[in-house]
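Okay, so here's the structure we're looking at.
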Amino acid sequence: MTALQDRTSATGKPDDALVRFTEVKKSYDGIQYVVKDLNLDVAKGEFLTMLGPSGSGKTTTLMMLGGFERPTLGHILLDGKPVEKLPPEKRNIGFVFQNYALFPHMTVAENVAFPLRYRGIRGDAAREKVKRALGRVSLEAMGDRKPAQLSGGQQQRVALARALVFEPSLVLMDEPLGALDKQLRERMQIEIKHLQTSLGITMVYVTHDQSEALTMSDRIAVFHDGRIQQLADPKTLYNAPENRFVAGFIGENNTMACSLMGRETGLAVVKMADGSTLKASDTVLSADADLTLSVRPENIMLAGDQTPPGMNLFSGIATDVFFLGDHMRLSVEAFGGQTVTARIPIAVARTFAPGETVHLACMAADCRLLEG
């Protein structure tokens, strides 16, 4: 057994990684790397999402795992075995793509059965597997239809059934819901997650949709410029971003330049651009570093007589006010020209005129310091 294969987790327990990328790099021109020094484990039964903007390296990483691209350097292990030189059909991986890739001249059942032919599974055995796969996606009554006779959501279910029919160890999904409307996309997110959980399948999912990633994932790898910027569960990723890119990419965030003045009772004291001071959750950051204060709009409230003591208090000039049903979106100019957005519950909101002074508050624990 090689050193790459004989690895255990950081806890010293037996390694349960189904997928392992070790120092993987990918270049198309031999000069510039689109994936850089990638180290990533995917546990058996995990739903891991690769999230990032276009060109961040997430789809290239998925294609290397699937066998459609070869890494320039590094190793990819699947269930402990190197696969970087194996063709896709030798990897026992199911695939679901955005365009579904269904054969229009075949019936639903024939489409689902297609991967079985390459594995030598025919006759009654194949029919039984197709029936079971269609049942999993609630399409058992539509096996005789052609893809053109189905809705977009039904076609996506056929593509998913085809990926599951040969019971792969891993399913890869590349922007599979991108062609669906918002309501159907949200319903399919829940269906896919329920199916993955009930079957215990390992799924690696690529998307640029933050909401989709937060809804479906056990963990999310945020890609930018060919590197993973942060790898964490959705709650940690949202509430504790590790750098300015993640803070700005995951959900809406206010990010403001500041400098560290000192520390006080477990909190960091920072100076804003206009000279005012705020307190933030303390992190181990250098006073010499360029710092950013990060706070979510939903963590900013209107200040008033009932504001709890110890809150950060600041004022600004209202620039935009929008009614959005359950909340009001309020933008103010504060800290010497910085736009700060607050999301105020409609039950406590009131109307502000542009140019009016607004008094706001936020808890120090909800303010996070980031480098950069």
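The values are calculated or read from the model by the stated rules, or taken from the named source; none is laboratory data. Keep in mind it's a predicted model, so treat the numbers as computed, not measured. Ideal geometry is used to build each Cβ from the backbone, glycine not excepted, and the neighbour counts take in all protein chains shown. Just the protein is used for accessible areas: all its heavy atoms, side chains included, with ligands, DNA and RNA removed. Shrake-Rupley method; radii C 1.70, N 1.55, O 1.52, S 1.80 Å.
A few remarks follow.
- The chain, helix-only ellipticity at 222 nm - DSSP H runs n ≥ 4, -39,500 (n - 2.57), divided by all residues, nearest 500: -6500 deg cm²/dmol
- Residue-level accessible surface for Thr255, protein heavy atoms, 1.4 Å, Å²: 30
- In nm, spacing of pseudo-spin labels at Asp37 and Arg329 (7 Å Cα→C-beta vector): 3.8
- Dipole magnitude for the stretch 55-208: computed about the Cα centre from +1 point charges on Lys and Arg Cβ and -1 point charges on Asp and Glu Cβ, it is near 220 debye.
- Within the chain, DSSP assigns beta bridges of which about 75% are antiparallel (rounded to the nearest 5).
- Mean separation of Cα contacts under 8 Å, 6 or more apart, over the residue count of the stretch 139-226: relative contact order %: 28
- A straight chain from Lys81 to Phe322 at 0.36 nm per residue would run longer than the Cα-Cα distance by 81.3 nm.
- Cβ-based charge dipole, the stretch 165-302, positive-most Cα from Gly200, Leu237, Met216: Leu237
- When only Cα pairs below 8 angstrom with a gap of at least 6 residues are kept, the chain shows a relative contact order of 14 percent.
- Share antiparallel - DSSP beta bridges, the stretch 145-281, percent rounded to 5: 75
- Loop-located trypsin sites (Lys or Arg not before Pro) in the stretch 301-372 whose Cβ has at most 13 other Cβ within 10 Å (DSSP): Arg350
- The stretch 75-221: C-alpha gyration tensor shape, a/c 1.5 cut-off, then a/b vs b/c: oblate
- Taking trypsin sites (Lys or Arg not before Pro) across the stretch 95-155, the ones in a DSSP loop with at most 11 further Cβ atoms lying within 10 angstrom of their Cβ are Arg122.
- Counting 0.36 nm for each residue step from Ser138 to Asn92 and taking away their Cα separation leaves a gain of 14.2 nm.
- Cα shape, the stretch 24-104, gyration tensor, a/c 1.5 rule: rounded
- Under DSSP loop assignment and at most 12 Cβ neighbours within 10 Å, longest chymotrypsin sites (Phe, Trp or Tyr not before Pro)-free interval of the chain: 119-372
- Neighbour-limited loop hits for GluC sites (Glu not before Pro), the stretch 158-228 (at most 13 other Cβ within 10 Å; DSSP other than H, G, I, E, B): none
- Cα-based shape type of the stretch 127-189, given that a ≥ b ≥ c are square roots of the gyration tensor eigenvalues and the cut on a/c is 1.5: oblate
- Charge dipole (Cα centre; +1 on Lys/Arg Cβ, -1 on Asp/Glu Cβ; no other charges) of the stretch 197-261 amounts to roughly 140 debye.
- Nitroxide proxy distance, nm - points 7 Å out along Cα→Cβ at Glu110 and Arg122: 1.6
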